[in-house]
Amino acid sequence: MEKNNKAVVVFSGGQDSTTCLFWAMKKFDHVELVTFDYNQRHKEEIEVAKEIANDMDLKHHILDMSLLNQLAPNALTRDDIEVKDGENGELPSTFVPGRNLLFLSFATIVANQIGAKNVITGVCETDFSGYPDCRDVFVKSLNVTLNLSMDDQFVIHTPLMWLDKAETWELADELDAFTYVREKTLTCYNGIRGDGCGECPACELRQNGLETYLEKRKEVKQ
């Protein structure tokens, strides 16, 4: 991979997208961020994304996607919908239909505008909540469609696709970003930074991965 390429990172300020940001900064000379405002439950997410962009001195695009809120009410956009895992094969209440389809499409349009050929997203099929738009087959399919639609050759990178949460923490550590990701990011569905509330599905997934990785790191050092 040529290091002088430009890249756009789909950025929420959470653990996964921030790890992808550090990954992208190692791979590419010019990185810009794109964050989507879809009237999500916690505006804190956008504030965290802004702060991290400022920390890294990166250009930060914030796009209005409020139409998504109107079309796809869910637990991430409505206070009266409970955050809960899916049961009996159903998707979690936090699934936003069409979100990654739209996010990756608009991120690629931003990439086209700035002359970038690379789009990075933190979607993952290994340790996820069952969202269909986080699957590798979906991303590859959309990548082909976007290239056809704009008659160009963009690459959607998914550095976390086959990593579980413990391995994602390990990657952050390898990128010298472990402490930053742990303290500065927002993953919690209840809007609490860092280690979060410890009770919502996102926090449980993050914390379980963290504990697994810390145990592994301790064993390696012994």
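The values are calculated or read from the model by the stated rules, or taken from the named source; none is laboratory data. Note that the structure is predicted; figures quoted are calculated from it, not measured. Please note: Cβ atoms are built from the backbone with ideal geometry, for glycine as well, and neighbour counts cover all protein chains shown. Surface areas here come from the heavy atoms of the whole protein model, side chains and all, with no ligands, DNA or RNA. Shrake-Rupley method; radii C 1.70, N 1.55, O 1.52, S 1.80 Å.
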Item to check | Elements of type helices (runs of 4 or more DSSP H) contained in region 112-222, each with 1 or more residues being open to solvent by 30 Å² or more (accessible area, probe 1.4 Å), out of contact with any strand residue (DSSP E or B) (no Cβ under 7 Å at 6 or more places or on another chain) and closer than 23 Å to V48 by Cβ | outcome: 165-174, 178-184, 201-221
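The rows are residues; the columns are (1) more than 23 Å from H61 (Cβ to Cβ); (2) charged (D, E, K, R); (3) at pLDDT 95 or above.
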site	(1), (2), (3)
T108	no, no, yes
L142	no, no, yes
D152	no, yes, yes
R182	yes, yes, yes
Checklist entry - Restricting to region 48-58, what's the tally of residues that are without any contact (Cβ under 8 Å) to a residue 60 or more places away in the chain and surrounded by 14 or more Cβ atoms within 10 Å (Cβ to Cβ)? => result 5
Next on the checklist: Tally up the residues in region 29-46 that are under 17 Å from Y189 (Cβ atoms), open to solvent by less than 80 Å² (accessible area, probe 1.4 Å) and of a type in the set (D, E, K, R), please.
Outcome noted: 3
Next on the checklist: Among the residues that make up region 20-34, is at least one of them in contact with a Phe, Trp or Tyr (Cβ under 9 Å, 6 or more places away or on another chain) and modelled with pLDDT under 95?
Outcome noted: no
